2 protein chains.
Amino acid sequence: MSLVVVGSVAYDGIETPHGKFDRLLGGSATYIALAASYFAPVSIVAVVGDDFDAEDARLLETHDVGLEGLERAPGKTFYWAGVYSEDLNDRKTLTTDLNVFAGFDPKLPVTYQEAPYLFLGNILPALQTRVRRQMAGARLVAGDTMNYWIRETPADLAEAIREWDVLVINDSEARMLSGEYQLRRAAEKILAMGPRNLIVKRGEYGAVLFRKDGYWATPGFLLEKVHDPTGAGDSFAGGFMGFLARAGADPEDGKAMRQAVIYGSVMGSFCCEEFGVRRLAELSRGEIDARYREFRAITEF
Amino acid sequence: MSLVVVGSVAYDGIETPHGKFDRLLGGSATYIALAASYFAPVSIVAVVGDDFDAEDARLLETHDVGLEGLERAPGKTFYWAGVYSEDLNDRKTLTTDLNVFAGFDPKLPVTYQEAPYLFLGNILPALQTRVRRQMAGARLVAGDTMNYWIRETPADLAEAIREWDVLVINDSEARMLSGEYQLRRAAEKILAMGPRNLIVKRGEYGAVLFRKDGYWATPGFLLEKVHDPTGAGDSFAGGFMGFLARAGADPEDGKAMRQAVIYGSVMGSFCCEEFGVRRLAELSRGEIDARYREFRAITEF
């Protein structure tokens, strides 16, 4: 079944101990859509400027990512640059030029409106709600947010996530959103805000799925090489959501949620192996399924 | 099969956001032995001062912990005091009075020397080696160490761990010992130093088992209440080693190692629920096995 992804398409300047590259194709919608494209038909809603490279559009098209909702606006594409610490655990933002993304007003093509799966990448919560309501009949709606919206627009964010089936955030966001340090208590409060499923991403330490009936967890995949963690969380979201769309899963299906978390972890782990979307762009289903089986082998006892 | 544990017996003064207690029975040998006592016969080698409470000896005896190797020396028992941060992730040491532990010279009773399992708690590496050589016929030898010995006595430590089957340390110690940040590379270097199995404890994030043929991982158990993390790592070691002793496992048995890591995680998680050894002292096999099954339920997909 098909999936719509709303988010950013950007150019990134990234420096890690393994190299330095500028104007790499990035942005949440890009990572989510590329990761999901290995599982199900996916279309994006995003905005780029007139500097957007035809080659980058082609890369998305070769993965069958629908671009009807990719608006081209006068001006420059969202640009972000940052530098990572030696151990890759911290990063410092050097530049954030929102450019055309500052006025992003997601317009859902009519052909998208019947898609059963919707992932709302990290944008203004009020915009997430507007898109969500245009897809009132969706079978499963998931979304992401960030510390900035938790702090600056808490009421809009509460209104947004109340209407989601799955909230996908990281552990520091979960703590900030709930005001609780203990993850189980944090999860309890967040589930009470509306979403039936909460996924807490813990970076190299894996992820946890919380539901009213309990929790489930996976450790992280230990990579031999990590060149660039940019986009790992979005790739997780893409693998997670792509699997659910392929399976035609509904929000109550706990088993599908657990398997989706593993596929999310698989895609997040691949993402880190090369700069930008390089690794995500060249994967095969065989590699993906092999790493899924590896997850089983490294966790079974 | 029976297990010998070498380490410290101490009194601890502990303050966490959940309370403050002084002169709680503690020390590595205490936690390891109590946790292991639910699985196999265990005896300790340690030293206490003339202030050691008969009630504390009784607590160990009611768990059938062999005390023939518990030396009583003139002076005071090892005393440690510390205070934990609000989120329990950091702690500040307020007092370390080694007292009789400063001159600890482990003497292995003759009746211990045939025990097939030996766990060397965190003491001077040269002493660990001396004890290890007195049990040359042991089926499986495991041990722990700490940042202080990695820095101050690297040659003695290298000599010690070369003769161990399992090294049980935490992630920062693994990084320090190997000089590598990436855990897989760190593990490769440590395995090359001798031990056939390396367990890396990651606190609330779980644990990883490394062997020449690959790795295996478990997430942490998410507790609803964490009152005091003191001794969790030692309780892990006790559950881990106790299970191996009960199973009669040898160091090549990868499946037993994985199950032992889960039992270690189970005992570490229980330990945190109350101050000091309180929770460890009152467990039942039923509770332990139930949590082991919970680990399966929260990781299966």
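The values are calculated or read from the model by the stated rules, or taken from the named source; none is laboratory data. What you are looking at is a predicted structure, and each value in this text was computed from that prediction instead of being measured. Please note: Cβ atoms are built from the backbone with ideal geometry, for glycine as well, and neighbour counts cover all protein chains shown. These area figures cover heavy atoms from the full protein model, side chains too; ligands, DNA and RNA do not enter into them. Shrake-Rupley method; radii C 1.70, N 1.55, O 1.52, S 1.80 Å.
Brief remarks on what is shown
- Filter result (farther than 19 Å from B:Thr30 by Cα, free of Cβ contacts under 8 Å to residues at least 24 places away in the same chain and of a type in the set (D, E, K, R)) within region B:265-295: B:Glu287, B:Asp289, B:Arg293
- Yes/no for A:Arg258 being of a type in the set (Lys, Arg), within 17 Å of A:Ala35 (Cα to Cα), touching a residue at least 40 places away in the same chain (Cβ under 8 Å) and part of a helix (DSSP H, G or I): no
- For region A:77-91, the condition holds for no residue, the condition being that it is in a helix (DSSP H, G or I) and at pLDDT 95 or above.
- Of the residues making up region A:261-272, those that are away from every other protein chain (no Cβ under 13 Å) and under 13 Å from the mean Cα position of the chain (by Cα) are A:Met267, A:Gly268, A:Cys271.
- For B:Arg279, the conditions (1) among the charged types (D, E, K, R); (2) surrounded by 17 or more Cβ atoms within 10 Å (Cβ to Cβ); (3) touching a Leu at 6+ places or on another chain (Cβ under 9 Å) all hold with the exception of (3).
- Odd one out for B:Trp216 among (1) touching a helix residue (DSSP H, G or I) at 6+ places or on another chain (Cβ under 6 Å); (2) more than 11 Å from chain A (Cβ to nearest Cβ); (3) aromatic (Phe, Trp, Tyr): (2)
- Entry remark, region A:160-177: residues being closer than 20 Å to B:Ile298 by Cα and open to solvent by 10 Å² or more (accessible area, probe 1.4 Å) number 2 in total.
- Residues located in region B:76-124, provided they are among the polar types (S, T, N, Q), in contact (Cβ under 8 Å) with a residue 60 or more places away in the chain and buried (at least 17 other Cβ atoms within 10 Å of the Cβ): B:Thr77, B:Asn122
- The residues of region B:111-130 that are outside any loop (DSSP other than H, G, I, E, B) and under 22 Å from B:Arg246 (Cα atoms), listed by number, are B:Thr111, B:Tyr112, B:Tyr117, B:Leu118, B:Phe119, B:Leu120.
- Condition check for B:Glu180: open to solvent by 10 Å² or more (accessible area, probe 1.4 Å), more than 14 Å from chain A (Cβ to nearest Cβ) and touching a helix residue (DSSP H, G or I) at 6+ places or on another chain (Cβ under 8 Å): no
Per-residue answers, yes or no, for (1) small (Gly, Ala, Ser); (2) out of contact with any helix residue (DSSP H, G or I) (no Cβ under 8 Å at 6 or more places or on another chain); (3) over 20 Å from B:Ile288 (Cα atoms):
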| position | (1), (2), (3) |
| --- | --- |
| B:Thr30 | no, no, no |
| B:Leu34 | no, no, no |
| B:Ala40 | yes, no, no |
| B:Val47 | no, no, yes |
| B:Phe52 | no, yes, yes |
| B:Arg72 | no, yes, yes |
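- Among (1) within 20 Å of B:Lys225 (Cβ to Cβ); (2) under 19 Å from the mean Cα position of the chain (by Cα), the one test that A:Arg202 misses: (1)
- Condition met for A:Ala46 (within 30 Å of A:Gly137 (Cα to Cα) and outside any strand (DSSP E or B)): no
- Any hit, region A:223-233, residues being without any contact (Cβ under 8 Å) to a residue 12 or more places away in the chain and either more than 7 Å from every other protein chain (Cβ to nearest Cβ) or under 19 Å from A:Asp289 (Cα atoms) (or both): yes
- For region B:188-208, the candidate set comprises residues that are surrounded by fewer than 24 Cβ atoms within 10 Å (Cβ to Cβ) and among the aliphatic types (A, V, I, L, M); within that set, the residue that is farthest from the other protein chains (Cβ to nearest Cβ) is B:Met193.
- Test: B:Ala245 is assigned to a loop (DSSP other than H, G, I, E, B), closer than 24 Å to B:Pro116 by Cα, more than 10 Å from chain A (Cβ to nearest Cβ) and over 14 Å from the mean Cα position of the chain (by Cα): no
- Test for B:Ser284: is it open to solvent by 20 Å² or more (accessible area, probe 1.4 Å), more than 19 Å from A:Arg296 (Cβ to Cβ) and more than 10 Å from chain A (Cβ to nearest Cβ): yes
- Residues (of a type outside the set (Phe, Trp, Tyr) and either open to solvent by less than 70 Å² (accessible area, probe 1.4 Å) or part of a loop (DSSP other than H, G, I, E, B) (or both)) located in region B:49-65: B:Gly49, B:Asp50, B:Asp51, B:Asp53, B:Ala54, B:Asp56, B:Ala57, B:Leu59, B:Leu60, B:His63, B:Asp64, B:Val65
- A:Arg258, sole failed condition from (1) within 14 Å of chain B (Cβ to nearest Cβ); (2) open to solvent by less than 20 Å² (accessible area, probe 1.4 Å): (2)
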